[in-house]
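Contents: one structure, followed by commentary.
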């Protein structure tokens, strides 16, 4: 089992970091928040030019034909930069679903356009504040017409298409919906992190196409969530590491009573706790990356492990970064609050931390039973 990235993958990560630094870094995040934009259009355009939206798309559909590991290193740098672009919704969720469950006709029509940005995707699951289950789905499909509503749909205003989890006659289904078609209504929802937008999407006899097999939608959805959990975990690790770096640099530069505040035991302990959390999360994410790239049967366990540890690390580092900065950490001018807000939003993107803990326990019990 190799839990490290290759030299080429590390090179890609270095180049991605240089790219986001050159293009403005957190300046892009502030711009989107200050101007109430859905995303940074210029940054998104440059990401499309680099072909990163097609990392996992096979070459026969005009993609780069690379693997999940390359996607993991890009995700980490997006998390470090808090990039305000629809990459996670369109790539981790929508594109992966089309690659895995789309018919050949759908792949030919959709995948090349995802590479160019002509199509931007999203993934619609939640219906109310409680966790969605196979038995509580109310958004339904009859024939090919979808009726119902989804909430907390990421980047829906920008997206042209959505994968929608619905109740079918033979069980849950994943459906591909053109958001520009008749019967679709999109409205913005309030959100703590204004650099990531979420929407309510209502469907009224909206035409759709089946992804995968009838009645297999729930199993397909669970698999996509496991894949996405690893990728979101890498985003969280990127944000965690950047928050730790910010705290460390400030502790080395800030003086109080004639000494660097980093020399005080209380600050040392904060930084040490942050370092341990980030290191643990990284090791678990590497396990998740291995399981994802090798299509291992351990993916459910690795995904839950990655997700829980990365969520804990990002929330801890974002909080302690503010505390290390003292009074300055609570001001709008310092960037600490940007990481705190993103940590809270990412902790709920694929379900709550509690739900992933339950999945972790379930996966561990299953693994122990099999062994």
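The values are calculated or read from the model by the stated rules, or taken from the named source; none is laboratory data. Model, not experiment: these values are computed from the prediction. Cβ: placed from backbone, ideal geometry, glycine included. Neighbour counts: every protein chain shown.
Candidates are the residues of the stretch 241-252 that are under 22 Å from residue 78 (Cβ atoms) and in contact with a helix residue (DSSP H, G or I) (Cβ under 7 Å, 6 or more places away or on another chain); the one that is surrounded by the most Cβ atoms within 10 Å (Cβ to Cβ) is 243.
Among the candidates 82, 111, the residue that is on the phi > 0 side of the Ramachandran plot and touching a helix residue (DSSP H, G or I) at 6+ places or on another chain (Cβ under 7 Å) is uniquely 82.
Residue selection: residue 295 satisfies the criterion of being within 30 Å of residue 220 (Cβ to Cβ), in the same structural domain as residue 360 (by TED's automatic domain parsing) and without any contact (Cβ under 8 Å) to a residue 40 or more places away in the chain.
Of the residues making up the stretch 33-77, those that are buried (at least 18 other Cβ atoms within 10 Å of the Cβ), over 15 Å from residue 9 (Cβ atoms) and without any contact (Cβ under 8 Å) to a residue 24 or more places away in the chain number 0. A count restricted to the stretch 139-159 and to residues that are part of a strand (DSSP E or B) and either in contact with a helix residue (DSSP H, G or I) (Cβ under 7 Å, 6 or more places away or on another chain) or outside the structural domain of residue 129 (by TED's automatic domain parsing) (or both) stands at 1. Summed over the stretch 20-32, residues that are buried (at least 17 other Cβ atoms within 10 Å of the Cβ) and in contact with a helix residue (DSSP H, G or I) (Cβ under 8 Å, 6 or more places away or on another chain) total 6.
For the stretch 106-136, a tally of residues being over 23 Å from the mean Cα position of the chain (by Cα) and either crowded, with 20+ Cβ neighbours inside 10 Å or outside the structural domain of residue 96 (by TED's automatic domain parsing) (or both) returns 2. Just one residue in the set 64, 93 is at pLDDT 95 or above, more than 25 Å from residue 310 (Cβ to Cβ) and outside the structural domain of residue 335 (by TED's automatic domain parsing); that residue is 64. Of all residues in the stretch 253-263, those that are in contact with a strand residue (DSSP E or B) (Cβ under 8 Å, 6 or more places away or on another chain) and surrounded by 14 or more Cβ atoms within 10 Å (Cβ to Cβ) total 2. Tell me, which residue of the stretch 287-298 that is more than 16 Å from the chain's Cα centre (by Cα) and part of a helix (DSSP H, G or I) is nearest to residue 244 (Cα to Cα)? Step by step, filter the stretch 287-298, then rank; the result is 287.
For the stretch 327-357, a residue qualifies if it is in a loop (DSSP other than H, G, I, E, B), closer than 16 Å to residue 82 by Cβ and touching a helix residue (DSSP H, G or I) at 6+ places or on another chain (Cβ under 9 Å), and the qualifying residues are 334, 335, 347.
Take residue 229 and decide whether it is modelled with pLDDT of 95 or more and farther than 23 Å from residue 334 by Cβ. Criteria met by residue 229.
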